[in-house]
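Asker: Below you'll find the structure I mean.
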Amino acid sequence: MPADDAAFKVTKKWTNAEATGAYLGKVRSSTVKGATAVYTFRGAKTALMAPRGPALGKVAVHVRSAKAAGGWTAFKKVKTIDLYAKKAKAKVLTTIGSYDPDLDRQVKLVVTGTRHKKSRSNKVSFDGLAVYGAPLATGKYELKLGPQPLQVVITESLQLTATIPGCLDQRVTWEVARVDRFGRWYTDASAGTISANGLYQAPALPTVKSSTVDPDSIRSYYVTVRAVANPAGPTIPRAIPVPPGPPPP
């Protein structure tokens, strides 16, 4: 969840500013001791994404849980994160904790007003929070697959891309499959191969949509991409036409 999202309930003085290398190009910052930012989530794990640098201070992280009868437990400090680093680094993830994904929780970030002895400032900046394994971790976002249209000639390769606009965690996993005339799915080498970065190597046999001579030659190929933050979320396999050669000029 980006730091400037309205879902963050902030108190005291925070500012949003553009920052090179930041997630979506922005961070939320404050130098006011006691300034807080609260976010409600449901997931198996959450992490703070924040920059590191020579002019950054410390942020305390508190967590509380929803009660079955209603209301919330008291906030409990789980850790203090020192954002100081000799050299600037962008989008550093620090795990906050692992949880029961079926229970609502709140994370509260608190500006401590303290800093590492070598830091030049107490300022706290953060890009957002990453939530993993949540039922709706990416449910309100759309997975976009490219390039369009999807097509690659037999035995050649095609670099696929996947983005989740507005989602903090952009990591995805890839899978390719071959479907026969009975609708059965095969995820072996007959479907081609795909790397962790989305590079698809097409198989040696082309797509065949129909055949009266040899029905068993009917085959099609599909790619499925899943968000790491929500692997059980809805996915839509996309067909990849694999012709025997390029179209005539």
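Asker: Considering each of Asp104, Asp100, Asp180 in turn, give the residue that is of a type in the set (Asp, Glu) and closer than 30 Å to Asp216 by Cβ.
Answerer: Only one candidate passes the filter, namely Asp180.
Asker: Among (1) assigned to a loop (DSSP other than H, G, I, E, B); (2) modelled with pLDDT under 90; (3) loosely packed, with under 14 Cβ neighbours inside 10 Å, where does Asp216 come up short?
Answerer: The one condition Asp216 does not meet is (1).
Asker: Shifting gears a bit: Output the qualifying pairs, or none if there are none: Cβ atoms under 8 angstrom, residues six or more apart or on different chains, first residue in segment 210-232 and closer than 21 Å to Ser195 by Cα, second residue part of a loop (DSSP other than H, G, I, E, B) and polar (S, T, N, Q).
Answerer: Partner pairs satisfying both residue conditions: Ser220/Thr207; Tyr221/Thr207; Thr224/Thr235; Val225/Thr235; Arg226/Thr235; Ala227/Thr138; Ala229/Thr138; Asn230/Thr138.
Asker: Of the residues that sit in segment 227-249 and are modelled with pLDDT of 85 or more and not in a loop (DSSP other than H, G, I, E, B), which one is surrounded by the fewest Cβ atoms within 10 Å (Cβ to Cβ)?
Answerer: Among residues in segment 227-249 that are modelled with pLDDT of 85 or more and not in a loop (DSSP other than H, G, I, E, B), the one surrounded by the fewest Cβ atoms within 10 Å (Cβ to Cβ) is Ala239.
Asker: Name the strands (runs of 3 or more DSSP E) wholly inside segment 79-185 in which the number of residues that are crowded, with 18+ Cβ neighbours inside 10 Å and modelled with pLDDT under 95 is 3 or more.
Answerer: Per the criteria, 128-132, 172-180.
Asker: Is it true that Ala7 is surrounded by fewer than 16 Cβ atoms within 10 Å (Cβ to Cβ) and among the aliphatic types (A, V, I, L, M)?
Answerer: Against the criterion (surrounded by fewer than 16 Cβ atoms within 10 Å (Cβ to Cβ) and among the aliphatic types (A, V, I, L, M)), Ala7 qualifies.
Asker: Residues that are in the same structural domain as Gln106 (by TED's automatic domain parsing) and basic (Lys, Arg): which strands (runs of 3 or more DSSP E) entirely in segment 5-52 hold 2 or more of them?
Answerer: 26-30, 45-52
Asker: Spot the failing condition for Tyr186; the list is (1) within 30 Å of Leu24 (Cα to Cα); (2) of a type outside the set (Gly, Ala, Ser); (3) without any contact (Cβ under 8 Å) to a residue 24 or more places away in the chain, and only one is missed.
Answerer: (1)
The values are calculated or read from the model by the stated rules, or taken from the named source; none is laboratory data. These numbers were taken from a predicted model, which means no experiment stands behind them. Quick reminder, even Gly has a Cβ in these numbers, built from the backbone with ideal geometry, and neighbours come from all protein chains shown.
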